[in-house]
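For reference, the structure is listed below as structure tokens.
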Amino acid sequence: MKFSGGADHGDEETLGYLVTAFTRRESVMRQPIEPGTRLWEDTGLVTFSLTTGAAFALQVMHPTVGAVVGEHSVFRTDAIGRARRSIASVMTWVYGGEEALAEGDRLRTLHAPLKSTVDGVTHKALAAGPYAWIILTAPYAYEAGARYFSGKPLSPEDAEAFYAEIVQLARNLHVAEKEIPPTYDAYRKYFDDMLDHTLVAHRTAYEFLAGTRRIPPPPALPRLARPLWRVAMDVPGRLQHFVTVGTLPEKAREILGLTWTRRDEQVLRALGFAVGRLLPLLPERLRYFPIAYEARKVDRARRALRRALARRPV
């Protein structure tokens with residue numbers, strides 16, 4: 001069978017069928033995240049940012065991700081801008097509806113040309129395994145967030161159901177199906193195997209952790225204002241670094257040579273307890289990032305409209 005040049009009519013029909021079938025399968029597998037899911041309820045909370053540092057550190061401990069991020073990311077010079085863009089992108093994945101799928105397409109296009117060569121080895125941003133790892137740090141980050149900063153830690157049943165939502169999210173972001181563990185138990189084995197056999201004490205991870213402690217000023221900040229920035233960011237930087245190190249898996253801390261004491265763990269748990277009790281007391285507008293808040297408001301309006309329509313006279 002030929003698919004070029006001298007293909008006959010039957011071959012063209014076969015090719016067209018295959019393309020159509022693949023497109024339909026892709027369409028079925030990629031579906032926006034719906035209201036009512038745990039992703040919808042939890043991703044937009046401002047506490048989401050407390051475990052993004054651990055997720056990013058895990059990502060750049062992968063040799064390929066660390067190499068590409070180390071060469072192309074602006075986290076050293078514009079950490080706050082990068083964090084804002086990353087959080088906005090994640091909020092779009094969950095709350096964007098059809099725009100979430102477009103965001104997945106945009107990210108693939110954005111990262112397609114990115115690569116880095118280290119010691120003669122070329123690392124590509126969209127290599128299937130490393131790209132999947134970026135997304136598959138999310139279940140761990142969510143679990144850590146629930147464990148430390150929520151009054152609702154994940155039960156085994158919740159974790160399984162929640163992981164199914166992450167699988168959908170991964171498909172929406174074009175993660176290769178063969179790279180997605182099919183069940184939560186398979187994911188736990190995959191995650192432990194990554195820690196044991198793939199992740200390394202990568203230079204980019206150390207640079208990132210240093211940046212969490214001493215948050216670099218925005219590029220546009222005037223030079224004369226930078227000493228004030230360092231003073232103002234000292235306590236937030238210490239706190240961010242502490243939480244990032246504390247929410248890493250113990251094995252990851254061992255790989256990186258990071259110290260974490262029993263006292264540190266007690267302080268983090270006390271901090272998490274306070275955050276978990278304070279957060280529900282805040283107005284929704286303050287509990288959620290703006291994209292999440294607006295999406296939730298729109299969903300409530302739609303449901304109110306459906307109720308009004310159901311009550312209309314006939």
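Read-outs throughout are calculated quantities, based only on the coordinates presented, and are distinct from any laboratory measurement. Small disclaimer: the values here were computed from a predicted structure and weren't measured. Note that each Cβ is placed from the backbone with ideal geometry, even for glycine, and that neighbours are counted across all protein chains shown.
Structure above, values below:
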read-out: Close Lys-Lys pairs in the chain, where close means Cα under 27 Å and separation is 8 or more or interchain; value: 11
read-out: Rounded if a/c under 1.5, otherwise prolate or oblate - the chain, Cα gyration tensor axes; value: oblate
read-out: Ranked list, fewest to most other Cβ atoms within 10 Å of each Cβ, for Thr51, Thr37; value: Thr37, Thr51
read-out: Net lengthening on full extension, Val231/Leu305 (0.36 nm per residue, minus Cα-Cα); value: 21.6 nm
read-out: Positive minus negative residues near Pro181 (Lys, Arg vs Asp, Glu; Cβ under 9 Å); value: 0
read-out: Alpha carbon convex hull of region 180-267, projected area averaged over orientations, nm²; value: 8.2
read-out: For region 29-278, size of Cβ-based charge dipole, Lys and Arg +1, Asp and Glu -1, in debye; value: 1120
read-out: Max mean-square fluctuation residue, GNM over the chain, Cα-Cα springs under 10 Å, options Val298, Val94, Val267; value: Val298
read-out: Ascending count of other beta-carbon atoms within 10 Å, so fewest first, for His111, His62, His197, His123; value: His197, His111, His123, His62
read-out: Cα centroid of region 137-189 to Cα centroid of region 56-73, whole Å; value: 21
read-out: Rounded to whole Å, sorted largest first: equivalent-ellipsoid semi-axes of region 98-148, Cα gyration tensor; value: 25, 19, 7
read-out: Furthest towards positive pole of dipole, Thr47, Trp133, Ala146, structure part region 18-162, Cβ charges; value: Trp133
read-out: Residue exposure sequence - Met233, Met194, Met91 - by fewest surrounding Cβ within 10 Å; value: Met233, Met194, Met91
read-out: Cα gyration tensor of region 198-314 - equivalent ellipsoid semi-axes, whole Å, descending; value: 40, 22, 16
